[in-house]
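Participant: First the structure, which I've put down as structure tokens, then a few questions once you've had a look.
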Amino acid sequence: HSSPEHINIRSDVKYIVGIRDLVDVTASMRPFFEGVTEKFSKTWGGFPPRSQTEAEKVRFMLEDKGDGAGYLMVLIDYIKHWWPHLQRDNVLLLHYMDRIKEPKADIARIDAFLGAGLSEAEKEQVLAHSNFEFMKAHNTYYAYCMSDAEGSVQGLSGKIPETLCAMESEAFVAKGKDRSGEKELSPELVARVRAIAVEHLGPEIAAWLTTG
């Protein structure tokens with residue numbers, strides 16, 4: 001999830017950049033924020049907000065998340081700052097839509113990029129462990145729990161006084177590939193998200209975000 005503006009791009013490191021249609025992300029973020037644990041939200045001063053009215057959700061995503069900019073701008077800035085680096089040999093751009101349409105081809109693309117040299121049996125194993133059914137059955141893997149245990153990154157930093165999980169049980173894996181922002185959001189909200197994408201990214205990138 002890191003953006004080039006926050007990290008030093010190195011030639012000896014490979015970067016995989018995942019991007020999804022902003023309308024689908026907007027739809028996905030609504031239940032995602034509601035699924036954040038109360039303890040985690042309190043740790044960050046009530047961020048992200050766990051309970052919002054419909055108007056508050058729209059304002060948070062598109063207008064102001066508390067610092068004068070909507071949360072959508074975090075995603076737009078991520079795309080905007082990675083885009084100039086996509087011609088680098090050590091940067092691989094992946095669109096969620098391609099993963100849904102051709103998961104095996106997506107895995108082969110990652111394998112080739114990393115130079116892992118997986119066998120066909122190993123690629124099938126990766127597919128089996130990265131599909132929606134597996135993720136739904138092992139939802140606790142995605143609770144983003146941080147540990148206060150001795151030797152853990154969080155424990156060593158002294159920033160986590162006790163074990164802390166970011167997500168409620170079964171909150172992270174929701175609808176999988178069946179989620180459609182076009183169906184879940186109002187036509188007016190979809191139009192606003194599309195317009196913001198064009199305004200900040202241009203029509204070419206905005207169109208690519210929609211189709212992959």
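Participant: Could you list, in sequence order, the residues of region 136-151 that are in a loop (DSSP other than H, G, I, E, B) and either under 21 Å from the mean Cα position of the chain (by Cα) or within 21 Å of ILE107 (Cα to Cα) (or both)?
Facilitator: HIS138, ALA143, TYR144
Participant: For region 49-84, what are the residues that are more than 19 Å from VAL23 (Cα to Cα), open to solvent by less than 40 Å² (accessible area, probe 1.4 Å) and in contact with a strand residue (DSSP E or B) (Cβ under 8 Å, 6 or more places away or on another chain)?
Facilitator: Selection gives TRP82 alone.
Participant: Out of (1) at pLDDT 90 or above; (2) open to solvent by less than 30 Å² (accessible area, probe 1.4 Å); (3) outside any helix (DSSP H, G or I); (4) more than 25 Å from ALA143 (Cα to Cα), what's the single condition that is false for PRO4?
Facilitator: (1)
Participant: Quick one: which of GLU188, GLU199, GLU133 is in a helix (DSSP H, G or I), under 25 Å from TRP82 (Cβ atoms), at pLDDT 80 or above and open to solvent by 70 Å² or more (accessible area, probe 1.4 Å)?
Facilitator: From the options GLU188, GLU199, GLU133, the qualifying one is GLU199.
Participant: Taking region 172-185, which residues are at pLDDT below 80 and assigned to a loop (DSSP other than H, G, I, E, B)?
Facilitator: PHE172, VAL173, ALA174, LYS175, ARG179, SER180
Participant: Since LYS101 meets every condition but one in (1) within 29 Å of ALA207 (Cβ to Cβ); (2) surrounded by 13 or more Cβ atoms within 10 Å (Cβ to Cβ); (3) not aromatic (Phe, Trp, Tyr), which condition does it not meet?
Facilitator: Condition (2) is where LYS101 drops out.
Participant: Out of the residues in region 27-44 meeting the condition of being part of a helix (DSSP H, G or I) and open to solvent by less than 50 Å² (accessible area, probe 1.4 Å), tell me which one is modelled with the highest pLDDT.
Facilitator: SER41
Yes/no per residue for (1) among the aliphatic types (A, V, I, L, M); (2) touching a residue at least 40 places away in the same chain (Cβ under 8 Å):
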| site | (1), (2) |
| --- | --- |
| ASP64 | no, no |
| MET73 | yes, yes |
| LYS80 | no, yes |
| LEU86 | yes, yes |
| LEU92 | yes, yes |
| ASP98 | no, yes |
| ALA108 | yes, no |
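The values are calculated or read from the model by the stated rules, or taken from the named source; none is laboratory data. Here the structure is a predicted model, which means the values were calculated and not measured. Glycine also receives a Cβ, built like all others from the backbone with ideal geometry; neighbour counts cover every protein chain displayed. In case anyone asks, the SASA skips ligands and DNA or RNA and just uses the protein heavy atoms, side chains included. Shrake-Rupley method; radii C 1.70, N 1.55, O 1.52, S 1.80 Å.
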